[in-house]
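The values are calculated or read from the model by the stated rules, or taken from the named source; none is laboratory data. Since the model is a prediction, treat every value here as computed from it, not as a measurement. Every residue, glycine among them, receives a Cβ derived from its backbone with ideal geometry; neighbour counts consider all protein chains shown. With ligands, DNA and RNA removed, areas are computed over all heavy atoms of the protein, side chains included. Shrake-Rupley method; radii C 1.70, N 1.55, O 1.52, S 1.80 Å.
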Amino acid sequence: MNDLIDLLKNVPLFQDLSKEELESICPLLQEIRWKRGNVIFLEGDTGDELFIIKKGIVKIYRYNDKKEIILAIFGPGDFFGEMAIIQPSLNRSAAAETLENCLIYSLKRAVFYDFMMKHPHICIKLLEVTAQRLRRANDQIYNLTFLDVRTRILRSIIYLANQHGVNRNGGVWIDIRITHQQLADMAGTSRESATKVLQTLSEEGLIVVKKKRIFLNDYELLKGLAGLND
Ligand code: CMP
């Protein structure tokens with residue numbers, strides 16, 4: 001139970017709830033273990049559950065028969081699946097698949113609604129996260145429309161560093177395994193182009209790639225090269 005409360009405290013939606021309120025959610029959460037590569041749901045599926053990640057990484061993506069675009073990569077403390085539950089007449093807006101073995105909790109629509117009614121500040125938190133995700137989606141549209149492949153890859157690397165980075169040896173280590181294909185799917189390019197850019201960045205001494213993990217030697221410098229300096 002304490003483990004679960006620690007997790008919920010780190011989920012933006014529930015951050016302002018008291019310990020007693022968090023304790024009252026715990027029995028309503030269902031624990032599910034997923035193996036790496038499992039599809040949690042597909043775009044267009046019906047859905048009446050919100051998911052909260054305790055352990056592991058989940059990619060959110062859209063696809064057609066030839067290509068895929070990754071919209072987000074979520075990790076511990078992130079939630080997803082809220083759109084279909086707050087718009088009951090609509091289905092899943094994207095697919096979700098595990099990139100690692102995952103431990104995920106699910107919460108049914110009725111329970112979540114009940115909680116929102118009793119604690120309206122959860123709605124404000126939900127709006128905050130939705131606005132943040134909309135900003136990122138706008139950035140993705142901008143990047144795909146206006147930026148070259150190298151800058152798009154650089155921005156995808158910075159996104160991953162912001163979401164999953166840990167400071168190490170003066171640089172930032174992206175603490176998830178990411179394939180060239182996945183990076184390409186984030187940046188809207190081919191696997192070959194992503195590989196070429198990663199090779200160039202490595203040769204320039206900006207990154208080190210080891211066993212599908214990326215190390216940024218100088219985060220600020222890369223941010224500048226990606227045109228993301230504040
Ligand atoms: P839902 O539509 O229920 O199922 C797919 C989920 O992916 C969606 O809820 C959101 O939680 C998440 N999602 C969809 N689009 C985006 C996006 N652009 N950025 C981040 N998350 C998204």
inquiry  = Looking at the range 91-102, can you tell me whether even one residue there is in contact with a Leu (Cβ under 8 Å, 6 or more places away or on another chain) and among the small types (Gly, Ala, Ser)?
reply    = yes
inquiry  = Given (1) touching a residue at least 24 places away in the same chain (Cβ under 8 Å); (2) in contact with a helix residue (DSSP H, G or I) (Cβ under 7 Å, 6 or more places away or on another chain), identify the lone condition not met by His164.
reply    = (2)
request  = Filter the range 185-230 for residues that are in contact with a His (Cβ under 8 Å, 6 or more places away or on another chain) and open to solvent by 50 Å² or more (accessible area, probe 1.4 Å) and give the result.
outcome  = Arg191
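Table: residues versus (1) open to solvent by less than 60 Å² (accessible area, probe 1.4 Å); (2) over 16 Å from Gln182 (Cβ atoms).
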{"residue": "Val39", "(1), (2)": "no, no"}
{"residue": "Phe51", "(1), (2)": "yes, yes"}
{"residue": "Gly56", "(1), (2)": "yes, no"}
{"residue": "Ile60", "(1), (2)": "yes, no"}
{"residue": "Ile73", "(1), (2)": "yes, no"}
{"residue": "Pro76", "(1), (2)": "no, yes"}
ask   = Quick one: which of Arg92, Arg33, Arg62 is more than 23 Å from Ala161 (Cβ to Cβ) and away from the ligand (no atom under 11 Å from the Cβ)?
value = Arg33
query = Among Asp45, Asp16, which is outside any strand (DSSP E or B) and away from the ligand (no atom under 16 Å from the Cβ)?
reply = Asp16
ask   = If you scan the range 65-89, which residues turn out to be in contact with a strand residue (DSSP E or B) (Cβ under 8 Å, 6 or more places away or on another chain), within 8 Å of the ligand (Cβ to nearest atom) and closer than 16 Å to Leu107 by Cβ?
value = Phe74, Phe79, Phe80, Gly81, Glu82, Ile85
